[in-house]
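What follows draws every value from the coordinates through simple rules; no lab data is involved. From a predicted model like this one, the values you see are computed outputs, not experimental measurements. Neighbour counts run over all protein chains shown; Cβ positions are idealised from the backbone, glycine included.
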């Protein structure tokens, strides 16, 4: 057993059990965006706790990578969703950034191009599925096809209503082929979003992150919440569960997603591959050179 | 001017000028694999100096990334070559790992598949060219097509002798389209390689990194050096220069490549993009939501 770190509360089933969305109806208004479930310390404690995860999560990542290089067929796919400014990029920078970039495959999905669209909404997603031993991270994902596509009526209801089942089938297919799917909804309040957008407008080095369209999307907040409720509820399967990450506190959000990733790695429990060659013989061959 | 960091020697033209291979004939036996050009401190100083580069290199990386997100068309391509165990992976882990993985595109080239081969040796390389604002890192590259391909006679001399010019044309094309190419040869001695292979054989957690073929390749060391001499000499262009990185000391190697990357970023000097919207108007729109 790993020793408990400062600030981490003892929690039998781990953080995943605390943040996992239970089966059934979903109502995000019942989730506190400022909660710090599983962590009792301050912001500074949280930052230290995140740093402290670095060595451990890197070690497990390398084991998974090694497994993938020697015939193993497992991988992890972390799906990050959330409203603008919820911190998908921050999680990648501060959480995934703790790991070796060689074992990461980050994909950021923008609006699909015409050439992507005509191949069906899952085509480009399939292109980005992580290879064996890799940790894939999706910054937005196929869920946009039942979120913005629904809210903005980019497709007819006849099209998007079918997509929930299509997503579930797709995710089941991935699971069966060795991908462990972890889906995190980064949960912020509309007030926190306003503050973060204001901060972007106030800081010229952050203007490039701001888009006037962000305010337009913001005005559709209730519609997006409705779309998220449906997406999380209908695609919350045992093999590809959703986690709601309270994300008004950036430090907690980064710590929580990284902890969930670490718990997932530990559950997969990849082992250092054993040599498929005769070690002693190789030592002699090497010594002779 | 940035303040000089502990251990870093003052060097007018920067580290690139010291490590860059001069035009003309190349003889790697004249380069000391244990040198620490541009750095006067100890191993511990070197590790601290590398960590200290983290914030600065990340900041410049983000500027380049921001430029790429707002219409800029520049990128950096770091090509890593070197004999087995020279530390291509180590540079990525410890050097590139200091940066935001969202702005990195790491590609590791293995033996080409039949489907890759029939498209010509540069096809798969072109697929991996970094997007605008990105830092691409090649762990091995198109240079293998004049290294192992030549040494192992995977193609006829008639084929590989043409490739130097083909590579130069390709790299000129990339340069013209906005890619700054930085090519690093990680220079280790055969004795250091033996020690590192021994270490892999002695440590069961490193067996997966060992391949009996490594000893076979090692026995062809002089042939590989000859191939490297030709590759570096013939493809050492002003726009896509080669650097020889003394790499028997891992800490120096990591610091040196990261420093070269930082110098390259600073020379590109990407600036925070200016807003293409009316900031005051957006503040009002946001406040109204």
A chain fully extended from residue A:284 to residue A:69 at 0.36 nm per residue, minus the present Cα-Cα distance, gains in nm 74.9 nm
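Please express the shape of the range B:92-170 as an equivalent ellipsoid: the semi-axes are the square roots of 5 times the eigenvalues of the C-alpha gyration tensor, given largest first in whole angstrom.
27, 13, 11
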Pseudo-spin-label distance residue B:52 to residue B:153, built 7 Å along Cα→Cβ, given in nm, is 5.3 nm
The rounded separation in angstrom of the Cα centers of the range B:66-132 and the range B:271-289 is 36 Å
Counting only DSSP beta bridges with both partners in the protein assembly as shown, the antiparallel fraction in percent, to the nearest 5, comes to 10 percent
Pseudo-spin-label distance residue A:237 to residue A:195, built 7 Å along Cα→Cβ, given in nm, is 3.8 nm
Working note, the range B:12-99: Cα radius of gyration (Å, one decimal) and Dmax (Å, whole number) are 15.8, 46
Under the 7 Å Cα-to-Cβ spin-label approximation, residue A:271 and residue B:127 lie apart by a distance in nanometres of 3.4 nm
Cα-based Rg and Dmax for the protein assembly as shown, in Å, come out at 25.0, 77
Counting only DSSP beta bridges with both partners in the range B:14-270, the antiparallel fraction in percent, to the nearest 5, comes to 5 percent
Share of Cα-Cα pairs in the range A:14-271 beyond 24 Å, whole percent, is 47 percent
Per principal axis, largest first, the Cα atoms of the range B:75-227 extend in Å by 46, 43, 28
Looking along the axis that carries chain B onto chain A, the residue of B whose Cβ comes nearest, with distance in whole Å, is B:101, 2
Going from the fewest other Cβ atoms within 10 Å to the most, one would list B:237, A:264, A:259 as B:237, A:264, A:259
One decimal, nm, nearest first: from residue B:18 to the same residue in each other copy, label points 7 Å out along Cα→Cβ, the values are 4.9
Label points for residue A:204 built 7 Å along Cα→Cβ; distances to same position in the other copies, nm, shortest first, come to 6.0
Among B:78, B:15, B:48, the residue with the largest mean-square fluctuation in a Gaussian network model of chain B built from Cα contacts under 10 Å is B:48
Rounded to the nearest 10 degrees, the helix B:221-234 long axis (Cα) sits at an angle to the longest Cα principal axis of chain B of 50 degrees
Computed over chain B, the relative contact order (Cα-Cα under 8 Å, seq sep at least six) in percent reads 32 percent
Inter-copy distances for residue A:169, label 7 Å out on the Cα-Cβ vector, sorted ascending, nm, one decimal, are 4.7
Whole-Å distance linking the alpha carbon centroid of the range B:167-210 with that of the range A:232-268 is 36 Å
